[in-house]
There are 2 protein chains.
Amino acid sequence: MEQTAGGVTAAKGFMAAGVAAGVKYKDRKDMALIYSERPCMVAGVFTSNVVKAAPVLWDREIVSAGRDVHGVIVNAGIANACTGAQGYDYCHRTAAAAAAALGVSEDSILVASTGVIGMQLPMDKIVTGVSYLADLKAASIEAGDDAAHAIMTTDTVAKQVAVTVTLGGRTVTIGGMCKGSGMIHPNMCTMLGFVTTDVCMTKELLQEALSGDVQDTFNMISVDGDTSTNDTLLLLANGQAGNPIISSRGEDYAIFCEALHFVNETLAKKMAGDGEGATALFETKVVHAASKEEARILAKSVICSSLTKAAIFGHDANWGRILCALGYAGVNFDPEKIALYFTGKSGKILIYEGGKAADYSEEEAGKILSEPEVTVVVDMKMGEASASAWGCDLTYDYVKINADYRS
Amino acid sequence: MEQTAGGVTAAKGFMAAGVAAGVKYKDRKDMALIYSERPCMVAGVFTSNVVKAAPVLWDREIVSAGRDVHGVIVNAGIANACTGAQGYDYCHRTAAAAAAALGVSEDSILVASTGVIGMQLPMDKIVTGVSYLADLKAASIEAGDDAAHAIMTTDTVAKQVAVTVTLGGRTVTIGGMCKGSGMIHPNMCTMLGFVTTDVCMTKELLQEALSGDVQDTFNMISVDGDTSTNDTLLLLANGQAGNPIISSRGEDYAIFCEALHFVNETLAKKMAGDGEGATALFETKVVHAASKEEARILAKSVICSSLTKAAIFGHDANWGRILCALGYAGVNFDPEKIALYFTGKSGKILIYEGGKAADYSEEEAGKILSEPEVTVVVDMKMGEASASAWGCDLTYDYVKINADYRS
């Protein structure tokens with residue numbers, strides 16, 4: 001596997017565009033298109049929130065019907081959630097406008113929206129935006145970059161990654177982009193994530209690969225514990241790599257899954273590290289847990305703890321809060337047996353063992369906690385399972401951003 | 001039922017004291033005693049956190065053995081959690097010192113600690129503090145007030161309440177105090193709560209009354225989602241009211257439970273409203289839910305949502321976040337059928353109905369959201385069950401307090 005430049009346009013046959021349609025933001029790109037002339041199989045995972053945005057309902061219908069698709073239209077600024085029948089109609093009209101501009105059927109266009117809940121889309125601006133997107137679409141890295149910028153809301157950086165693998169002598173590319181900074185606590189997937197690939201593969205295995213991998217990637221991040229109404233992760237595959245079609249769980253499938261995992265984990269970590277107001281990516285790695293499920297639950301409990309997150313912001317080695325978060329996670333263990341470590345570029349130190357504080361240097365701990373990526377390792381000493389979860393620190397800016405988000 | 005002055009010393013035969021022992025804080029009271037010469041039955045509920053502080057282990061042993069007690073020693077500043085065998089020994093020695101000073105047996109003294117996790121208690125200061133407490137104890141309202149102040153950590157106000165009811169012609173009093181501001185998300189009970197009563201009642205009914213009531217009171221508040229290692233709620237009954245002993249679930253039991261509920265709910269709301277950094281008490285009242293359990297889950301999900309809490313701080317009627325938090329609570333419902341209202345002293349307004357925003361005035365909504373007590377009413381239109389949960393807004397000061405709590 002090799003990392004390569006770009007995001008959603010890295011794989012063969014995929015084009016993208018981003019334009020400033022003025023949906024809600026001023027003076028910035030806020031609508032994006034991903035397009036493949038050749039029809040794509042699509043796999044998707046969506047929010048588990050009972051309250052689902054109109055585009056989630058639209059996309060879920062297309063994915064579950066197993067229809068081939070040509071592309072995705074995304075807007076930032078307005079979530080088109082809690083907008084009733086009119087909202088669904090607007091979503092439908094967005095797809096129809098894109099279909100007309102691209103010369104494809106409306107049920108081959110997926111839609112995704114992100115932003116404020118409860119507002120209706122300004123359809124005139126959306127329709128104008130769609131026609132510009134159709135004209136501007138290109139297969140370049142720059143076009144993919146435009147799209148990655150256009151889907152941002154409170155994100156501070158665009159989030160993209162791409163890799164290539166060789167399958168049956170042919171180069172297969174997987175590239176993706178995502179956005180998400182607040183209301184991030186995916187339960188089925190992330191806020192908005194789009195991965196494109198030119199792999200040849202059966203539809204069943206494509207969905208299986210995606211659904212399996214989100215458990216260890218997008219579902220293991222949290223910024224604020226709020227599972228969005230709009231969470232959507234789409235994987236489009238147009239088959240243009242020309243590799244021998246993957247139809248069983250053999251070596252090629254394993255190689256593809258490993259590459260997909262790298263793309264998903266990279267995007268997920270970019271989201272966690274760019275959480276609203278965050279100054280640090282905060283990873284919790286649970287090792288030697290009794291089961292994978294327990295490892296996941298424990299890791300996620302720590303990165304979700306407001307008190308721990310505030311301590312990370314303060315570069316304070318307040319490990320009692322970590323132990324507390326492990327304790328209320330819902331997993332049974334003996335606090336006297338486990339060990340905690342802080343790790344970073346400046347080293348790894350033992351913090352807690354044998355039921356009490358280890359003999360560590362507060363200065364050394366503070367140094368590790370001041371790095372932009374902080375990792376806590378929890379050694380459960382119970383078994384062989386491990387899991388990682390990613391979050392961020394809790395800062396003044398998180399409060400600032402969310403106390404006046406709508407204004 | 002009538003409200004009366006004071007807290008833990010309101011009921012007959014209870015004394016209290018608070019002193020500045022210098023456990024960790026400077027120039028303020030940080031140790032408290034509750035004492036009854038006449039032995040008390042005790043009911044208790046404790047944290048469900050796997051990681052339990054030493055005093056939780058000590059008290060649980062006494063409560064589950066059904067021993068009568070004479071009092072409680074409390075210290076603030078150090079939690080005596082994650083302190084190993086030494087921490088348990090220090091807890092034991094605290095009880096023993098109090099027992100010696102008061103002339104009672106050491107297993108008749110309960111212990112509670114709150115503060116930083118992982119530090120050992122300074123036993124010399126604790127022992128000195130205990131002897132002062134034993135000398136200073138008094139049955140006055142002032143002595144109860146001293147105790148209520150001595151148990152505070154990041155609390156900004158002392159929290160007390162007392163009521164009287166008449167049972168069999170005799171006045172029965174229930175009074176309590178509690179502390180809690182951060183790491184508040186009780187799962188069995190609150191951070192630290194102490195309720196005293198002179199009622200005559202069987203031990204079984206006393207525990208049943210307490211365990212039942214916490215489900216609707218202390219377990220329905222949250223400041224930050226972090227379930228403490230020290231959560232303890234103790235109810236001491238010395239029988240000095242002389243009422244006909246309550247030994248069945250009859251009318252007297254119902255009257256007592258109603259009074260206990262008032263005391264518990266009042267204390268719980270005081271904690272939520274005084275959450276770390278909070279500027280407002282934030283109540284969510286779910287009505288017409290399909291079941292009590294679902295009503296509780298929905299109400300608690302809303303008051304725990306970081307995004308909703310930040311919006312309350314910003315006086316922003318961002319109701320989409322409330323709907324989102326209802327949606328990920330784990331309860332199935334039709335978002336098109338429910339209705340949301342904001343209520344406060346300045347009125348009640350419909351915010352959301354029929355799947356979309358109601359036609360409300362943002363100005364009027366902002367006015368309600370600027371009050372010190374904000375209530376969201378969620379009408380599920382599914383059944384007859386209801387529940388309330390209490391939290392607070394998420395503010396800059398929450399981050400400030402917790403980014404440098406140990407320093």
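The values are calculated or read from the model by the stated rules, or taken from the named source; none is laboratory data. Here the structure is a predicted model, which means the values were calculated and not measured. Heads up, the Cβs are rebuilt from the backbone with ideal geometry, glycines too, and the neighbour counts pull from every protein chain shown. Accessible surface is based on the protein model in full, side chains and every heavy atom, while ligands, DNA and RNA are left aside. Shrake-Rupley method; radii C 1.70, N 1.55, O 1.52, S 1.80 Å.
Amide H to amide H distances under 5 Å link A:Ile221 with A:Trp390, where only residues 5 or more positions off or on other chains count and H is placed in the peptide plane.
Let me know the mean shielding of B:77-88 by other chains, meaning the per-residue number of their Cβ atoms within 10 Å of its Cβ. Could you put the intermediate results ahead of the total?
On the way: counts 0, 0, 2, 0, 5, 11, 4, 6, 4, 2, 2, 1.
So the per-residue partner count for this stretch is 3.
Computed from label points 7 Å out along Cα-Cβ, the spacing between A:Asp135 and B:Asp89 is 8.2 nm. The Kirkwood hydrodynamic radius of chain A, based on inverse pair distances between different Cα atoms, is 21.6 Å. Say we join alpha carbon atoms closer than 10 Å with springs in a Gaussian network model of chain B; which of B:Lys52, B:Lys356, B:Lys29 then has the biggest fluctuation? Maximum among the listed residues: B:Lys356.
Sequentially through region A:319-324, phi angles give Karplus couplings (6.51, -1.76, 1.60; θ = phi - 60°) of 5, x, 5, 5, 4, 4 Hz, Gly and Pro residues having no value and appearing as x. For the pair B:Ser291 and B:Thr156, label points projected 7 Å from Cα toward Cβ lie 4.0 nm apart. For A:Pro39, the distances from its label point to the matching points in the remaining copies are 8.3 nm, ordered from shortest, with each point set 7 Å beyond Cα toward Cβ. For chain A, modelled as a GNM whose springs connect Cα atoms under 10 angstrom apart, the maximal fluctuation among A:Asp198, A:Asp359, A:Asp145 occurs at A:Asp359. Across region B:1-110, Cα pairs under 8 Å and at least six residues apart give a relative contact order of 24 percent.
Probe radius 1.4 Å, ligands and nucleic acids left out: can you give me the accessible area buried at the A-B interface, summed over both chains, in Å² to the nearest hundred? The A and B chains share an interface burying roughly 4200 Å². In region A:29-80, the C-alpha radius of gyration followed by the widest Cα-Cα span (Dmax) gives 12.1, 34 angstrom.
For region B:361-407, what does the accessible surface come to per residue with a 1.4 Å probe? Please give it in Å². All intermediate terms of the calculation are to be shown ahead of the outcome.
Details: 2040 Å² over 47 residues.
That works out to 43 Å² per residue.
To check you understand DSSP bridge types, tell me what percent of the beta bridges within region A:99-243 (both residues inside) are antiparallel, rounded to 5. Looking only at bridges with both residues in region A:99-243, the antiparallel portion is about 70 percent.
In whole Å, what is the distance between the alpha-carbon centres of region B:255-313 and region B:1-61? Each part reduced to its Cα centre gives a spacing of 24 Å.
Placing R0 at 56 angstrom, the Cβ-Cβ distance between B:Asp404 and A:Thr4 gives a FRET efficiency of 0.80 after rounding to 0.05. Label-to-label distances for A:Gln215 across copies, nearest first, come out at 3.3 nm, using points 7 Å from Cα in the beta-carbon direction.
Remark: mean inter-chain Cβ contacts per residue of B:333-340 equal 2, using a 10 Å Cβ-Cβ cutoff to other protein chain atoms.
State which entries of A:Lys159/A:Lys345; A:Lys285/A:Lys309; B:Lys270/B:Lys345; B:Lys159/B:Lys269 exceed 21 angstrom in Cα-Cα distance in the structure shown. Kindly include the intermediate steps, with their values, before the conclusion.
Details: A:Lys159/A:Lys345 23 Å; A:Lys285/A:Lys309 15 Å; B:Lys270/B:Lys345 18 Å; B:Lys159/B:Lys269 10 Å.
Checking Cα-Cα distances, A:Lys159/A:Lys345 exceed 21 Å.
Could you identify which residue out of B:Ala138, B:Ala16, B:Ala329 has the top mean-square fluctuation in a GNM of chain B using Cα springs shorter than 10 Å? Of the options given, B:Ala329 has the highest mean-square fluctuation. Its relative contact order, with pairs defined as Cα atoms under 8 Å and 6+ residues apart, puts region B:254-407 at 40 percent. Packing here is the average count of other Cβ atoms within 10 Å per residue, and on that basis the peptides B:252-260, A:173-181, B:158-166, highest first, run A:173-181, B:158-166, B:252-260.
May I ask you to order B:291-299, A:101-109 by the average number of other C-beta atoms within 10 Å around their residues, highest value first? Present the calculation step by step, with values, prior to reporting the outcome.
Details: B:291-299: 20.2, A:101-109: 17.4.
Ranked by mean Cβ neighbours within 10 Å, highest first: B:291-299, A:101-109.
Computed on the Cα atoms alone, the convex hull of region A:3-158 gives a volume of 115 cubic angstrom per residue.
What number, in percent, do you get for the relative contact order of chain A if the mean sequence gap of Cα pairs under 8 Å and at least 6 apart is divided by its residue count?
On the way: 1099 pairs, mean separation 70.7, N = 407.
Relative contact order comes out at 17 percent.
The Stokes-Einstein estimate for region A:234-386, based on a Kirkwood radius over Cα pairs and taken at 4 °C with 1.567 mPa s viscosity, is a diffusion coefficient of 75 µm²/s.
In order along region A:136-143, the Karplus-derived 3J(HN,Hα) couplings, from 6.51 cos²θ - 1.76 cosθ + 1.60 at θ = phi - 60°, round to 8, 4, 8, 8, 6, 4, 4, 5 Hz, and Gly and Pro are given as x.
The angle between the Cα long axis of helix A:251-273 and the main principal axis of chain A comes to about 70°, on a 0 to 90 degree scale. Taking all protein chains together and a 1.4 Å probe, the residues B:Thr9, A:Thr156 rank A:Thr156, B:Thr9 from largest to smallest accessible area. Of all chain B residues, the closest to the B-onto-A rotation axis by Cβ, with that distance in whole Å, is B:Tyr396, 3. Between the helical axis of A:292-304 and the longest alpha-carbon principal axis of chain A there is an angle of about 90 degrees. When the accessible area of the protein assembly as shown is split by element with a 1.4 Å probe, what percent falls to carbon and sulfur? That share works out to 49 percent.
Based on DSSP, what percent of beta bridges with both residues in chain B are antiparallel, to the nearest 5? The partial results should precede the final answer.
Values: 58 of 81 bridges.
Of the beta bridges lying entirely in chain B, close to 70 percent run antiparallel.
For the segment A:356-363, counting C-beta atoms of other chains within 10 Å of every residue's C-beta and taking the mean gives 2. With all pairs of separate Cα atoms included, the protein assembly as shown yields a Kirkwood hydrodynamic radius of 28.0 Å.
Taken per residue, the accessible surface of region A:177-309 reaches 26 Å², heavy atoms only and a 1.4 Å probe. Using the Karplus relation 6.51 cos²θ - 1.76 cosθ + 1.60 with θ = phi - 60°, the per-residue 3J(HN,Hα) values for region B:39-50 come to x, 10, 6, 9, 10, x, 10, 10, 4, 8, 4, 4 Hz, with x marking Gly and Pro. Across the identical copies, the 7 Å label point of B:Glu258, projected outward along Cα→Cβ, sits 7.1 nm from its counterparts, in ascending order.
Each other residue within a Cβ distance under 15 Å of B:Asp68 adds +1 if Lys or Arg and -1 if Asp or Glu, for a net charge of -4. Spin-label model, B:Glu204/A:Lys26: points 7 Å from Cα along the beta carbon direction are separated by 7.2 nm.
Calculated from DSSP H runs of 4 or more alone, at -39500 (n - 2.57) each and per residue, what is the 222 nm mean residue ellipticity of the protein assembly as shown, nearest 500? Don't skip to the answer; put the middle values down first.
Working: 22 runs with 271 residues, N = 814.
One gets -10500 deg cm²/dmol as the mean residue ellipticity at 222 nm.
Less than 5 angstrom separates the built amide H of A:Thr4 from those of A:Ala162, A:Val163, A:Thr164, all sequence-distant by 5 or more or on a different chain. Heavy-atom accessible area, probed at 1.4 angstrom with all protein chains present, ranks B:Met382, A:Met152 as B:Met382, A:Met152, highest first.
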